[in-house]
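What follows is a short report on a single structure.
Values quoted throughout were computed directly from the atomic coordinates according to the rules given, and no laboratory measurement underlies them. Please read all numbers here as calculations on a predicted model, not as lab measurements.
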Amino acid sequence: MISLRSLLPLLATAGILIAGNGLQGTLIALRGSAEGFSPTVIGLLGAGYYLGFMAGCMRTPRLLKAIGHIRAFATMAALAAIAALTMVLIVDPVAWFVLRIISGVCIASLFTTVESWINASVDNRSRGQTLSIYRFVDLFSVTASQYLIPLFGVQGFATFAVMAMLITLSLVPVSLADRSNPERPAEFTFSLLAIWRISPLACAGCITVGLANAAFRAIGPVYGEVIGLSVPEIATFMSAGIIGGVVLQYPMGMISDRVDRRFVLLLATGGATLAGIFLVAFARANPYLNLAGIFFFGAFSMPLYSLSCAHANDHVRSGDFVQLAAGLLFFWSAGAVAGPLCASILIQHFGPGMLFTFTSFFHGGFFVFTLLRMRVRPGITPETGKGRFAALLRTSPVFTRMATRAANRPQRQPTAKVDEGRDKSGHIG
């Protein structure tokens, strides 16, 4: 078992990178609004980022195979920092859209690189502990980065400079700590039709999460500004949704390990739908009601990706985990491309309340789809071969594979064909 101490440089790199990226999303929405960009344009910028992110996730394995982890990380960090600084030099919607695509490609590549590096550095005995620490690093970094915006301000050069500094600083820990280069990953391919057939419900869930949660992350700052929140209040508003997502992630996961996961999907989706309705109908411009509403929105909506992936992994055959991880992330990315753009158009024409009307519409639709799928396919229980829940980040296919391997490592001797297949697949990289 590798000592977690040896992973501190990689975890530090991940934390700094996540902070820079978390700062970027909120800053660009607020700065774009200050520059007179319409909500539709800001939504298009969010769509551009996720479009690049989707491309980056799919293409990075070839980059790592060609030049290795260290050179790939250095290249993409440099490009991401340049894209961040260029945005403040050229304040133009078309230029920003192109730069957001470039940022998406770079950030996806950086996450894939560092996560595959971590994955190559741990074994199954320490994988679960490492993932838990990584989740904490993610939560702390994203939450803390929101408060850099009121500290340095939306206008001017300062916050963009801080963002570029964080991305560049992420190079330092891995450059100084370890000169080794992990084994280059094998390429993976996938068929979207084959993945849909494994679990239509999980694919629909990932699309729903992409549509709704990406809309919140990209357009949430604009919503806060339009209803009259100050910049510090917007930072707190965005952080409350992220913290809420962590609070219920593990309790829902533990419950889903004991019952048919679709019941928990119904609970989470129903809660997210009601939280969106509360924000539209009752919170309005009240900052305290908005904080309460967005906390519960995050608490119910953010576990949906992990729950959907866990449900799909219950049905996957041995040898298909890699394909499934990449495919579900692709479905999420496709939703994330459309979500910010559609929500921003609705906000521009019908007011800020349409953001959570939009999310409630898709969460409610997924609730109905889940009920329909429960009539088509029998449920899976622990006795019939269910795997263990793993809380996932939507960063790269590598992270999904890491979590799947940790969650599905053997806990007992296999007693059925399904268990045997799952135990063997726990070692597939």
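Distance from the alpha carbon centroid of the stretch 214-288 to that of the stretch 57-116 works out to 29 angstrom. Note that the stretch 58-73 has calculated 3J(HN,Hα) couplings of 7, 9, 4, x, 5, 5, 5, 5, 7, 10, x, 5, 5, 5, 5, 5 Hz, one per residue in order, obtained from phi through the Karplus relation 6.51 cos²θ - 1.76 cosθ + 1.60 (θ = phi - 60°); glycine and proline are x.
Using the C-alpha gyration tensor of the stretch 226-269, what are the square roots of 5 times its eigenvalues, in whole angstrom, with the largest one first?
Values: eigenvalues 200, 24, 3 Å².
With the √(5λ) rule applied to the stretch 226-269, the semi-axes are 32, 11, 4 Å.
Using only the C-alpha atoms, the convex hull of the stretch 230-333 corresponds to 106 Å³ per residue. Along its first, second and third principal axes, ordered by size, the stretch 19-75 spans 42, 20, 13 Å in Cα coordinates.
Taking amide H positions as modeled 1.01 Å from N, with prolines and chain starts lacking one, no residue 5 or more places away or on another chain lies under 5 Å from GLY351. Derived scalar couplings between HN and Hα for the stretch 247-258 equal 4, 9, 4, 6, x, 5, x, 5, 5, 5, 6, 9 Hz in order, rounded to whole Hz, by the Karplus curve 6.51 cos²θ - 1.76 cosθ + 1.60 (θ = phi - 60°), x for Gly and Pro. Across the stretch 42-57, computed HN-Hα scalar couplings (Karplus, 6.51 cos²θ - 1.76 cosθ + 1.60, θ = phi - 60°) run 5, x, 5, 5, x, 5, x, 4, 5, 5, x, 4, 4, 5, x, 4 Hz from first to last residue, x flagging Gly and Pro.
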